[in-house]
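First the structure, in the form of structure tokens, and then the observations on it.
Derivation of every value follows stated rules applied to the coordinates shown; laboratory data play no part. All values derive from a computational prediction rather than experimental measurement. With ideal geometry, Cβ positions are generated from the backbone for all residues, glycine too; neighbour counts draw on all protein chains shown.
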Amino acid sequence: MFKYLKQLTSLVAMVAVLFTFTTESMAAKKSKTLKNTQKKGFVRCGVSQGLPGFSNADAAGNWTGVDVDVCRAVAAAVLGDANKVKFTPLSAKERFTALTSGEIDILSRNTTWTLSRDADIGLTFVGVNFYDGQGFMVRKSSGITSVNQFKNGISACTNIGTTTELNMRDFFNSRGISYEPVAFEKADEVVAAYDSGRCDTYTTDKSGLAAQRTKMSNPDEHMVLPETISKEPLGPVVRQGDSVWEDIVRWSLNAMIEAEEYGITSANADSMKTSDNPAIKRLVGAEGELGAAFGLDNEWSLRIIKQVGNYGESYKRNIADTGILPDRGPNQLWTKGGILYVPPAR
Amino acid sequence: MNFKLKDLGPQLITVIAVVLIFGFFTYNAQINMENRGIDFGYGFLSQESSFDVQFSLIEYDGSHSYFRAYLVGLLNTILVSVIGIIIATIIGVIVGVARLSPNFLINKFAAYYVEFFRNIPLLLQIFFWYFAALRALPLPQDAEAIFGVFFLTIKGLYVPAFIWENFNIFFYSIVTSIIAIIVIRFQAKKLRETQGKQIPVFLISIGLILILPLLSFLIGGVSLSFEIPQLKQLAATSFVYDGGLSLPPELIALTLSLSLYTATFIAECVRAGIQGVSKGQKEAAASIGLTPNQVLKLVIMPQALRIIIPPTTNQYLNLTKNSSLAAAIAYPDLVLVFAGTALMQTGKAIEIVSITMFTYLSLSISISILMNWYNKKIAIQEK
């Protein structure tokens with residue numbers, strides 16, 4: 001009898017140890033995520049499974065894109081090296097679970113900021129790195145030039161698990177058009193299905209349409225309709241409950257945008273240290289103690305600008321020069337007629 | 001007392017360990033969810049889903065609840081499983097018997113079919129049928145009519161819809177003839193056992209099932225017309241068929257790949273079952289004057305079925321579970337609609353995944369119970 005009692009006690013003790021371990025790490029320091037990231041030596045970043053211009057891996061496995069650059073900026077600020085990022089490609093369906101379960105620390109995957117996502121499911125959106133809207137792509141040969149020409153019975157290919165599905169319903173319903181939604185889990189299959197003629201139209205964010213068009217067997221046969229049927233502010237997301245980490249990601253993005261505003265580029269960042277403008281000096285770490293607020297050194301933003309570049313450089317490199325969306329549209333600085341306007345870094 | 005404790009001890013410890021481990025996970029999940037401000041609850045099921053589904057057996061659109069969306073997905077899963085099981089069984093039995101055929105060509109063809117289809121991963125087969133095979137189909141405007149009324153196109157298979165008048169009379173006539181057939185079979189069996197008389201039950205059954213419904217048309221006022229799909233232009237090069245019924249290509253591809261894949265395993269079960277009945281049985285049956293048909297029906301099959309049913313049950317379960325691969329090709333099954341879109345829109349991961357797991361468990365257990373009941377029925381009645 002005592003034999004089993006002994007086994008039982010050791011089991012209970014083991015479970016008790018497990019409990020204390022978890023509760024202890026749960027209480028944790030102010031930013032558990034920052035501590036873990038510095039300990040691991042890389043930033044864990046969730047990206048798309050391949051969306052040119054936003055997050056796309058080349059044949060050698062190097063990730064590029066404006067979403068990728070947000071994670072690289074955080075790595076530069078926190079770890080001093082923009083390349084210390086581990087990218088995890090996620091489907092639309094998996095992305096939030098991956099973040100809330102702690103598999104990744106930043107979700108930078110062309111994700112629309114909505115009330116229910118922000119408030120409901122344990123996430124916090126830190127900003128917007130691309131202002132987008134949902135649109136439709138059709139074959140040029142169909143002769144359709146406007147969404148007003150859509151008729152009953154149209155079939156529309158799209159992704160599951162996105163705001164696209166909801167917007168699509170609102171759009172067709174408000175116009176009283178009956179439609180057939182064909183929703184796939186992966187973007188590549190949506191493109192393949194639309195390309196082969198399964199659907200009359202392909203709908204997702206306009207930037208996505210422009211990017212996926214480059215993957216079609218003959219991109220020139222397709223066009224994106226001019227109408228935009230929704231607001232899709234895309235931005236990086238972090239887990240709720242770690243406000244320091246949230247601030248680091250938010251200000252890494254803001255620093256890139258503000259650097260463009262003040263004309264600081266990866267090439268001239270070092271020479272800007274002697275600038276007369278105190279706002280510029282603060283951004284390149286020559287004045288003030290901005291990094292201390294997150295527990296970082298003072299050159300965090302300088303490293304972002306030097307290693308990743310400012311927002312304009314990132315946009316040009318990933319989206320404009322690749323021919324996806326040469327025109328910056330609303331994603332232009334507020335000083336140049338766009339809506340990019342970030343709070344001051346001071 | 002000591003003896004009892006020795007017996008109970010390990011079991012007690014196992015139970016406590018299981019409870020503690022589950023308790024630990026639940027506790028951990030609770031704390032994690034609390035930390036991140038996630039609520040737990042099933043209240044979302046009654047909320048408006050606000051997304052549409054491509055193909056549904058019940059009336060559904062985005063203004064219905066998430067629970068309704070769950071039912072849509074569940075019914076679509078059941079639909080593809082039931083059709084898949086029926087087709088897989090038919091192909092499986094034919095191929096299984098064909099593998100035992102003395103005809104070299106039939107025999108080898110069946111063997112190659114089995115080896116080919118069961119050795120390629122199912123997901124690849126699904127992609128093949130969807131993207132390679134079905135994609136080779138014509139656009140609606142280029143489709144040739146099959147028998148003038150069926151249209152197989154890249155957007156799906158369009159078939160005429162039946163439009164009934166007085167359908168209930170037709171339905172009752174079918175039910176009546178089925179009941180009559182059951183009674184006649186019962187009586188025929190009795191006659192054979194008591195007086196040794198043989199009645200052509202099969203012919204009578206066919207006659208009944210034809211004559212009664214025919215009468216319902218002639219004098220019962222039942223009438224039937226067809227609504228044939230019509231080509232409709234959406235835009236210069238976009239067409240679709242209007243009217244009639246349409247089967248989405250996703251359903252066709254999924255059913256096809258699931259049946260062809262599972263049929264190979266069923267064929268092997270059937271072959272093993274028939275080979276498992278000893279040769280002496282057949283010879284003995286023939287020696288007492290049974291016809292070859294009777295030998296198969298009364299002696300071989302009842303014994304073979306006992307061997308065939310249990311492993312075939314497994315294949316039915318596999319097919320049902322494999323139907324969840326539907327998500328890859330946009331067939332709106334339970335996983336795509338509920339554990340996909342609904343999960344994303346609500347963010348209720350734990351709730352939705354638990355419901356989905358429980359649903360598949362229930363489906364599998366239902367199939368098991370049904371097949372076990374059938375297995376028991378055909379098992380040797382020990383006296």
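Observations, loosely collected:
- Reported to the nearest whole Å, the Cα centre-to-centre distance from region B:220-264 to region A:31-49 is 50.
- Within the shell defined by Cβ-Cβ distances under 15 Å, the residues around B:Arg135 carry a net charge of -3, with Lys and Arg each +1 and Asp and Glu each -1.
- Additional length obtainable on full extension of the chain from B:Asn107 to B:Val353, 0.36 nm per residue less Cα span: 84.1 nm
- Summarising the amide proton neighbourhood of A:Asn56: residues at separation of 5 or more, or on other chains, whose placed amide H is nearer than 5 Å comprise A:Leu51, A:Thr64.
- Cβ screening of the protein assembly as shown for cysteine pairs under 4.7 Å finds these without a partner: B:Cys269.
- Among beta bridges from DSSP that stay inside region A:134-230, the antiparallel ones total about 50%.
- Only the Cβ atoms of Lys and Arg (+1) and of Asp and Glu (-1) were treated as charged; on that basis the dipole of region A:87-142 about its Cα centre amounts to roughly 400 debye.
- Comparing B:Leu8, B:Ser354, B:Ala132 along the charge dipole axis of chain B, the residue lying farthest to the positive side is B:Leu8, per the Cβ-charge model.
- Residue among A:Pro330, A:Ser266, B:Gly92 farthest towards the positive dipole end of the protein assembly as shown, charges placed on Cβ: B:Gly92
- Average beta-carbon neighbours from other chains, 10 Å sphere, peptide B:229-235: 4
- Taking a ≥ b ≥ c as the square roots of the eigenvalues of the alpha-carbon gyration tensor, chain A is classed oblate because a/c is 1.5 or more while a/b is no larger than b/c.
- Spatial separation of Cα centroids for region A:311-346 and region A:188-241, in angstrom: 20 Å
- Here the extension length gained between B:Glu115 and B:Ser366 equals 87.3 nm, from 0.36 nm per residue of separation less the Cα-Cα distance.
- Orientation-averaged projection of region B:10-52 equals 5.1 nm² [convex hull of Cα atoms, one quarter of hull surface area].
- The sum of -39500 (n - 2.57) across all DSSP H runs of n ≥ 4, divided by the residue count of chain A, sets its helix-only mean residue ellipticity at 222 nm to -11000 deg cm²/dmol.
- More than 14 Å apart - percent of Cα-Cα pairs taken over region B:311-378: 64 percent
- Each of A:Lys151 and A:Ala293 was given a label point 7 Å from its Cα along the Cα-to-Cβ line. The distance between the two points is 5.8 nm.
- Prolate/oblate/rounded label for chain B (Cα gyration tensor, a/c 1.5): oblate
- Loop-located GluC sites (Glu not before Pro) in region B:178-275 whose Cβ has at most 14 other Cβ within 10 Å (DSSP): none
- In this simple spin-label model, placing a label point 7 Å from the Cα along the Cα-to-Cβ direction at both A:Ile177 and B:Ile182 gives a separation of 5.2 nm.
- Compactness of the protein assembly as shown - radius of gyration and Dmax, Cα, Å: 32.6, 117
- Rounded to the nearest 20 debye, the dipole magnitude of the protein assembly as shown is 3000 debye, with +1 charges on Lys and Arg beta carbons, -1 on Asp and Glu beta carbons, and the Cα centre as origin.
- Sorted fewest first by neighbouring Cβ atoms within 10 angstrom, B:Phe25, A:Phe150, A:Phe136 come out as B:Phe25, A:Phe150, A:Phe136.
- Unit charges on C-beta of K, R, D, E only; dipole of region A:134-230, Debye: 200 debye
- For chain B, complete DSSP H runs whose alpha carbons reach 20 Å or more along their own long axis and whose mean Kyte-Doolittle score is 0.5 or higher are B:2-35, B:66-98, B:104-118, B:167-195, B:201-218, B:249-275, B:349-378.
- Here region B:209-238 is scanned for amide nitrogen atoms under 17 Å from the site 7 Å beyond the Cα of A:Glu221 along Cα-to-Cβ, giving B:235-238.
- Mean per-residue shielding of peptide B:17-24 is 3, counting Cβ atoms of other chains within 10 Å of each Cβ.
- Mean residue ellipticity (222 nm) of chain B, computed from DSSP H runs ≥ 4 via -39,500 (n - 2.57), nearest 500: -20500 deg cm²/dmol
- Rotationally averaged projected area of region B:187-324 (alpha carbon convex hull; nm²): 15.3 nm²
- For region B:90-222, the Kirkwood radius over C-alpha pairs fed into Stokes-Einstein at 25 °C and 0.890 mPa s yields D = 121 µm² per second.
- In order along region A:45-54, the phi-based Karplus estimate (6.51 cos²θ - 1.76 cosθ + 1.60, θ = phi - 60°) of 3J(HN,Hα) comes to 10, x, 10, 7, 8, x, 10, x, x, 10 Hz; Gly and Pro are listed as x.
- In terms of its C-alpha gyration tensor, region A:124-263 has a prolate overall shape, because the principal axis ratio a/c (a ≥ b ≥ c, square roots of the eigenvalues) is not below 1.5 and a/b outweighs b/c.
- Burial ordering of A:Met272, B:Met301, fewest other beta-carbon atoms within 10 Å first: B:Met301, A:Met272
- Shielding of A:154-167 by partner chains, average beta-carbon count, 10 Å: 4
- Charge tally in the Cβ shell below 14 Å around A:Ala92, where Lys, Arg are +1 and Asp, Glu are -1, A:Ala92 excluded: -3
- Centre-to-centre, using Cα atoms only, region A:72-142 and region A:275-298 are separated by 28 Å.
- Each label point was placed 7 Å from the Cα along the Cα-to-Cβ direction; for B:Gln233 and B:Lys321 their separation is 5.2 nm.
- Set of region A:288-317 residues, backbone N closer than 16 Å to the point 7 Å along the Cα-Cβ line of A:Ser266: A:301-317
- Here r is the Cβ-Cβ distance between A:Ser243 and A:Glu103 and R0 is 22 Å; the resulting FRET efficiency, rounded to 0.05, is 0.60.
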